[in-house]
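> The structure under discussion is supplied below as structure tokens; questions concerning it will follow.
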Amino acid sequence: MMCYCRLFVLLALSSFVVESRHLKGNSYELSNFHPSGTNATIEPKIWAVLVAGSNGFVNYRHQADICHAYQILKNGGLEDENIIVFMYDDIAFDVENLRPGVIINKPDGDNVYKGVPKDYTGEDVNVDNLLAAILGNKTGVRGGSGKVVESGPNDHIFIYYADHGGAGILGMPSGVDLTAKDLMNTLKKKHAAKSYKSMAIYVEACESGSIFEGLLPKNMNIYAITAANANESSWGTYCPGEFPSPPSDLDTCLGDLFSISWMEDSDIHDLRKETLDQQYQLVRRRTAVDDMVGASHVMQYGNKTIAKQFVFNYMGANPKNDYYSPSSSDDSSLTTTPSIVSQHDATLLHFWNKFRNAPEGSPKKTEAHKQLMDELSLRKHIDESVNQIISVVFGQEKVPEMLNTVQSAGNPLVHDWDCFKMLVNSFKRLCGSTSRYEMKYSRAFANMCNAGVHINNATQAITQACSTSSPP
């Protein structure tokens, strides 16, 4: 009789373990079982912060990336209360989107917009709200859902950012851009508060390595990977006229190479058996393609021992992938790299394809031509403005040095971050654009600060240059 009772108890416990995954999708570890019925520890949770730092249909790919990431986390068992989404939310129903309410992240992809929480949208997608949300500071957020990362010391945190970037900065659609130093200060406060066990950060942006290079300590239990090193562009993909191309009704890039690489991997792999390092290696190989001009180098920073952990600890795991086999036919797509376009050139490609595809003599043709010419004019103005700023402050002979000097590996971009923050945000406010072309010059402002520029002189030069011969 005792044997039957033991068998019954074992069967009951087995049933509980199986069902617990579905009942509590965000609790990825069972608490210790005690005869008294009490738990030894609070069940750890996964928290996620997803950030699209751009707006405009021309930047479709960034919000598509973020929506896709949400679907992976949701399928992995995370609850909406633990996923915080920052996205401008202006492309799903944009007049240029001939599929209202639909966003796709690959040419034959599903609608990734469905069900995405609208936590912080429009003007609420800003630096102050983002940093307050990461810190769990409810009184620090303004607008939006008010949702923040209320993590505890046993919890894991996943942060994913996709947008334009520049040396030392990540773009935001409203207000100032996010500097590496401000992000790092926030992460240090989060660590000091002992409000997480470990954290993984994925960053899709040009020169994204500069966000962590020489800045992220190894003792904070944070592991970060970036789409590019500190000095190079990241890349858009699934772009018009490239292979594979988006559907004919979408004349914009659908995704970014680094982002679609880790997400398409996560879509099919059993993340309970794949480590962060295994995912990094796959993404690194798919992104740094030897025979492609300008392919980027995916980088690792922080505590790299965390890379030995399973991806599941940060994204959950889709039960449909439990029986994934490496020999699956889907796996071949993960070793194939689609055609790529520089982040800086994706806007031009968008306007060029609108112009090329518009009927001859139509108002659409005229408008597309104007948009293309305006973007080219704006870029010329930005180029000339930076040259003028450096010339006024340091002299024409110093222009090449300010534009091209690169810090040696392992060193942070700039010594005086307050100076840098003031200059890049002044330049954004006065010379900025939706395409964020101006971000390619953030390194020049860092070099000016490193050279001991007087901030007032520099800001005056920025004001003068950006207001001179402004583009239409």
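The values are calculated or read from the model by the stated rules, or taken from the named source; none is laboratory data. For clarity, every value in this text was computed on a predicted model and none was experimentally measured. Neighbour counts run over all protein chains shown; Cβ positions are idealised from the backbone, glycine included. Heavy atoms of the whole protein, side chains included, go into the accessibility calculation; ligands, DNA and RNA do not. Shrake-Rupley method; radii C 1.70, N 1.55, O 1.52, S 1.80 Å.
> What list of ³J(HN,Hα) values in whole Hz, one per residue of the range 424-430 in order, does the Karplus curve 6.51 cos²θ - 1.76 cosθ + 1.60 (θ = phi - 60°) give from phi, with Gly and Pro shown as x?
In residue order, the calculated couplings are 5, 7, 5, 5, 4, 5, 9 Hz.
> Counting only heavy atoms of the protein chains, get the accessible area per residue of the range 46-341 (1.4 Å probe) and round it to a whole Å² value. If you can, show how the numbers build up before the last one.
On the way: 10250 Å² over 296 residues.
Result: 35 Å² per residue.
> Another question, then. Roughly how many percent of the accessible protein surface of the chain is carbon and sulfur, given a 1.4 Å probe and a whole-percent answer? Please report the intermediate quantities before stating the final value.
Working: 11160 of 20510 Å².
Of the solvent-accessible surface of the chain, carbon and sulfur hold 54 percent.
> Still on this structure, please answer the following. Per residue of the range 132-139, in order, report the coupling 6.51 cos²θ - 1.76 cosθ + 1.60 (Karplus, θ = phi - 60°) as ³J(HN,Hα) in whole Hz, putting x for Gly and Pro.
5, 5, 4, 6, x, 8, 5, 6
> Compute the length gained on full extension between LYS114 and ASN404: take 0.36 nm times their separation in residues and subtract their Cα-Cα distance, giving the result in nm to one decimal. The partial results should precede the final answer.
Values: separation 290, 0.36 × 290 = 104.40 nm, distance 4.39 nm.
Taking 0.36 nm per residue and subtracting the Cα distance, the gain is 100.0 nm.
> Considering only Cα-Cα distances, which of the following residue pairs are longer than 20 Å: LYS118/LYS138; LYS147/LYS428; LYS118/LYS181; LYS74/LYS320; LYS74/LYS181; LYS106/LYS304? Write down the numbers at each step before the final one.
On the way: LYS118/LYS138 17 Å; LYS147/LYS428 28 Å; LYS118/LYS181 28 Å; LYS74/LYS320 13 Å; LYS74/LYS181 31 Å; LYS106/LYS304 31 Å.
Where the Cα-Cα span goes over 20 Å, the pairs concerned are LYS147/LYS428; LYS118/LYS181; LYS74/LYS181; LYS106/LYS304.
> Could you state the angle between the C-alpha long axis of helix 60-75 and the longest principal axis of the C-alpha atoms of the chain, as a value from 0 to 90 degrees rounded to the nearest 10?
Helix 60-75 sits roughly 10 degrees off the main axis of the chain.
> To continue, here is another question. Could you work out the helix-only [θ] at 222 nm for the chain, with each DSSP H run of four or more residues adding -39,500 (n - 2.57) and the total divided by the number of residues, to the nearest 500 deg cm²/dmol?
Details: 13 runs with 175 residues, N = 472.
For the chain, the value works out to -12000 deg cm²/dmol.
> Something else now. Pull up all non-local amide H partners of ILE201: gap of 5 or more, or a different chain, and H-to-H distance under 5 Å with H placed in the peptide plane.
Hits under the 5 Å cutoff: ILE159, TYR223, ALA224, ILE225.
> Non-local amide H neighbours of GLY432 (under 5 Å, H modeled in plane, Pro and chain starts lacking H): which ones?
none
> Still on this structure, please answer the following. Taking loop as defined by DSSP and a crowding limit of 14 other beta carbons within 10 Å, which trypsin sites (Lys or Arg not before Pro) in the range 116-205 fit? Can you show the working numbers first?
Details: sites: LYS118, LYS138, ARG142, LYS147, LYS181, LYS188, LYS189, LYS190, LYS194, LYS197; in loops: LYS118, ARG142, LYS147, LYS194, LYS197.
Loop-located and lightly packed - LYS118, ARG142, LYS194.
> Moving on to the next point. What are the residues whose amide H is under 5 Å from the amide H of ASP256, where those residues sit 5 or more places off or on another chain and H is modelled from the backbone?
For ASP256, the qualifying residues are THR237.
> How much FRET efficiency would the formula 1/(1 + (r/R0)^6) give for LEU376 and GLU96, where r is the Cβ-Cβ distance and R0 is 25 Å, rounded to 0.05? All intermediate terms of the calculation are to be shown ahead of the outcome.
Numbers: r = 20 Å, r/R0 = 0.80.
It comes to 0.80.
> Here's something else I'd like to know. By its C-alpha gyration tensor, with a ≥ b ≥ c as the square roots of the eigenvalues, how is the range 46-341 shaped: rounded for a/c under 1.5, else prolate for a/b larger than b/c, else oblate? Can you show the working numbers first?
On the way: a/c = 1.33, a/b = 1.15, b/c = 1.16.
In terms of gyration-tensor shape, rounded.
> Can you tell me the orientation of helix 276-287 relative to the chain, as the angle in degrees between its alpha-carbon axis and the longest Cα principal axis, to the nearest 10?
Its long axis makes an angle of about 40 degrees.
> For LYS194, list the lysines whose Cα falls under 16 Å from its own Cα; do not include residues on the same chain fewer than 8 positions away.
LYS45, LYS218
> Hey, what did the chain get for relative contact order, percent, Cα under 8 Å, at least 6 apart?
On the way: 941 pairs, mean separation 69.1, N = 472.
Here the relative contact order equals 15 percent.
> Can you work out the accessible area per residue across the range 376-472, with the rest of the protein chains kept in place, probe 1.4 Å, in square angstrom?
Working: 4550 Å² over 97 residues.
I get 47 Å² per residue for the range 376-472.
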